[in-house]
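The values are calculated or read from the model by the stated rules, or taken from the named source; none is laboratory data. Computed from a predicted model, the values in this text were never measured in an experiment. When we count neighbours, we look across all protein chains shown, and the Cβ atoms used for this are built from the backbone with ideal geometry, even at glycine. Note: areas computed on protein heavy atoms with side chains; ligands, DNA, RNA excluded. Shrake-Rupley method; radii C 1.70, N 1.55, O 1.52, S 1.80 Å.
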Amino acid sequence: MSLQFLTLTVEAERKVKNGQDALAICRDFKAQMKSAYMDAASTMDVDGESSLGIVPDKIVLCGNSYKPDGAQVLAAFCTAINDTVTKLDMSDIIASQPEEQGLEVLKLISDAFSESKLEYLRNCDNALGSKGINACMSVIGGQAKTLKHLYLENDGLAAESLQILEQILTKPAEGDSTCACDNLETLRFHDNMSGVEGAKAAGRIFAQLKHPKELRYTDCRSLGEGSTGLADGLDAMGDNIASLEKLNLAGNFFVASDKEIDQSLLHALERAKGLKHVGLRDCNLEEEGSQLVCEALMKSGAKLESIDISENDLGREDALDALVQLIVQNRTTLKKLEVEGNDLSSAGIKTIMKALGKVNSVIEIINFKTNMVGRIGAKAVLNCTMSNLQLLQFDDNGFFPEEVEALETKFGDKLEEMADNMEDDDVDEDEGIEENDDDDDVAALTEGISNVGV
């Protein structure tokens, strides 16, 4: 018998659900299961046996807030089928609830899955705090042998919350030496308020991961010291970091006041040979840090599909050269490039576009927003053939209406709306950039590019 996996989703009107509302949700869940069984009946063989088994595999409770009596009804239903459920989305289920009731709801739902074998747990938008993490301990800690994907985003997690989570994820399962970090592949934190000590705790969790695939720690108020803790954790992963495919550390600060970048970050990136997507937006890298990051990524030999190095004061010389070399090294894989808000001039954009044109890239998405690009940069983009392009973001630069019109004509709906490009002055002239100013530099770069190993 083959299995058909079923996702049970709350489809009721969004509101705070009480016990009666929860009963209606359970009836709807049963109806979803019955419908799936009826569909399976059409596959019955001549002996009257169905060739399909219906297995509720995923439950989605998100987007509806529940009162304790409603959560109790749902918990009873979920307990009855929790042995087949491997995926749970319990995001945003306590909105508008007083703290005490919200914590009770979290514990009821968590306890219903304490003995499941969850592989995927999404618990976002729940204003957890340390009390909330403790309330969810059973569902997080109870999956030590199976949990692979954990999402804790926009949960109001402070430092204490991360320290509690560290204990949960690194504590061996009862009667076993296995801990959750042995199996975790995805770990995502975003928009929390964890501060320096929380970032250090996250770094210590990272260090224990054996098979990481995706890590996100963004906009959590890490500051410099906390960011160093994250970088140290990545470095401490050793060769385990080679399995990492996605890394997003936006909003952390990896360059100290003395302008030296965290060496542990560079060491980690050099070993991250499996990386496909890297996000280092607004990481205070500046020119030297950006250059060193690009060089570390090149040294890793990773086949990158997306790079976001926006808002880092990239500069216009060595860092730009290193970025172009990185683009070319990934000429057969790079689909998305984001360099927004880096004060790049037309000369810089021209250099990038010449590189893209030379290597026949597979680029699909380019973000050049909020730089200092004028007519010469626009012309470079217009003259570049990008057969796979799906989206060009070029707003908030120094274009005159005629450049905007030309871009709109060539790229049509692939060009994001250009609302902030009415300039009174020629930014290229103000920058002293002329049509062929950078041709010698580009020629030197592209000559070097031909020698880059892939």
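Quick check on segment 140-157. Is at least one of its residues open to solvent by less than 10 Å² (accessible area, probe 1.4 Å) and not hydrophobic (A, V, I, L, M, F, W, C)?
Yes, there is a match, as at least one residue in segment 140-157 is open to solvent by less than 10 Å² (accessible area, probe 1.4 Å) and not hydrophobic (A, V, I, L, M, F, W, C).
Enumerate the helices (runs of 4 or more DSSP H) found wholly within segment 319-431, keeping only those where 2 or more residues are in contact with a Ser or Thr (Cβ under 7 Å, 6 or more places away or on another chain) and of a type outside the set (A, V, I, L, M, F, W, C).
On the way: elements: 346-358, 375-382, 401-411, 427-430.
In segment 319-431, 346-358 are the helices (runs of 4 or more DSSP H) which contain 2 or more residues that are in contact with a Ser or Thr (Cβ under 7 Å, 6 or more places away or on another chain) and of a type outside the set (A, V, I, L, M, F, W, C).
Table: residues versus (1) β-branched (V, I, T); (2) part of a strand (DSSP E or B); (3) open to solvent by less than 10 Å² (accessible area, probe 1.4 Å); (4) more than 19 Å from T7 (Cβ to Cβ).
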position	(1), (2), (3), (4)
T79	yes, no, no, no
Q101	no, no, no, yes
E104	no, no, no, yes
L118	no, no, yes, no
I133	yes, no, yes, yes
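Anything in segment 396-409 that is over 10 Å from A378 (Cβ atoms) and out of contact with any Asp or Glu (no Cβ under 6 Å at 6 or more places or on another chain)? List them, or say none.
Those that are over 10 Å from A378 (Cβ atoms) and out of contact with any Asp or Glu (no Cβ under 6 Å at 6 or more places or on another chain): P401, E405, E408, T409.
Quick one: is S222 surrounded by 24 or more Cβ atoms within 10 Å (Cβ to Cβ), of a type in the set (S, T, N, Q) and in contact with an Asp or Glu (Cβ under 9 Å, 6 or more places away or on another chain)?
No: the conditions fail for S222.
May I ask you to list the residues in segment 360-379 that are over 26 Å from the mean Cα position of the chain (by Cα) and open to solvent by 20 Å² or more (accessible area, probe 1.4 Å)?
The answer is N360, M372, R375, K379.
Can you name the number of the only condition in (1) over 22 Å from P212 (Cα atoms); (2) buried (at least 20 other Cβ atoms within 10 Å of the Cβ); (3) at pLDDT 95 or above that L128 fails?
It fails just one condition, (3).
For segment 171-207, which residues satisfy the criterion of being open to solvent by less than 50 Å² (accessible area, probe 1.4 Å), of a type in the set (S, T, Y) and over 24 Å from A95 (Cα atoms)?
Hits for segment 171-207 are T178, T186.
In segment 280-304, how many residues are under 20 Å from G341 (Cβ atoms), polar (S, T, N, Q) and in contact with a helix residue (DSSP H, G or I) (Cβ under 7 Å, 6 or more places away or on another chain)?
Going through segment 280-304 one residue at a time, the tally reaches 2.
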